[in-house]
1. Taking R0 as 45 Å, what FRET efficiency do you get between residue 76 and residue 141 from their Cβ-Cβ distance, rounded to the nearest 0.05?
2. Considering amide H positions built from the backbone, and no H for Pro or chain starts, which residues 5 or more places from residue 79, or on another chain, come under 5 Å of its amide H?
3. Express in nm, to one decimal, how much length is gained between residue 28 and residue 169 on full extension, taking 0.36 nm for each residue of separation and deducting their alpha carbon distance.
4. Leaving out ligands and nucleic acids, and using a 1.4 Å probe, what accessible area per residue does the stretch 47-90 come to in Å²?
5. Percent of accessible area on the stretch 52-201 owned by carbon and sulfur, 1.4 Å probe?
Amino acid sequence: MVKAFALIGMLLASAATDASAQSRDTKYVVGIRSALITGTMKLSGLDPAFDDLAADGPEGPHMSGFFFLVNVRPHLRLGVETLVANSDQNARTSMNYQAAGPVIELSYGASWFVSGSLHGGALVVNAMAREDEASSDGATAGSFFKGNGWFVAPSLDLGYRARRGEIGLFMKQVNLTGEKQRGGLSDFGATFVGLRLAIRL
């Protein structure tokens with residue numbers, strides 16, 4: 001009986017050592033994010049011609065991103081990430097923005113983990129409100145807004161690691177500032193919730 005417990009103890013210790021060694025061997029993390037908006041993007045504050053954009057599944061505002069991170073400490077990663085958001089381009093009011101910048105991430109946990117990150121950088125944003133139904137031919141009359149500025153986006157992730165893969169749920173709050181005409185960019189700010197997939201290399 002004692003020998004059996006000793007053998008189990010050695011196997012568990014060996015498994016923990018192997019897992020620790022594998023974690024040290026992975027220096028880079030590459031992945032994607034995909035999410036839908038929660039709440040409302042209040043573009044009517046930008047201009048009365050624009051409608052507010054509310055959560056509506058794939059038809060409402062959604063975002064995606066690609067990230068590349070480097071492990072610099074056991075719980076610290078640094079890297080770069082893109083941020084692309086858009087909505088149904090056939091709706092009366094549509095929006096999109098493109099952004100990229102550095103990101104810092106703190107992570108805690110082994111198989112199950114929780115992490116927090118701060119993403120920031122420059123972006124270009126635009127929105128359009130049509131007076132008529134969208135058409136595949138010709139021009140459409142309406143109101144148009146385009147601006148550039150800066151964003152800060154904290155996020156919180158809860159996920160699971162299996163071998164070199166990571167999967168998790170995340171929430172990301174995008175805050176914008178910059179263009180001051182017609183109300184500025186803050187009305188494009190939104191919270192997104194979605195799925196995060198990554199591979200450790």
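The values are calculated or read from the model by the stated rules, or taken from the named source; none is laboratory data. Keep in mind that what you see is a predicted model, and the values were worked out from it rather than measured. Every residue, glycine as well, gets a Cβ built from its backbone with ideal geometry; the counts of neighbours run over all protein chains shown. Please note that ligands, DNA and RNA were not included when accessible areas were found on the heavy atoms of the full protein model with its side chains. Shrake-Rupley method; radii C 1.70, N 1.55, O 1.52, S 1.80 Å.
1. 0.30
2. 70, 103
3. Result for the pair: 48.7 nm of gain on full extension.
4. 51 Å²
5. Carbon and sulfur atoms account for 61 percent of the accessible area of the stretch 52-201.
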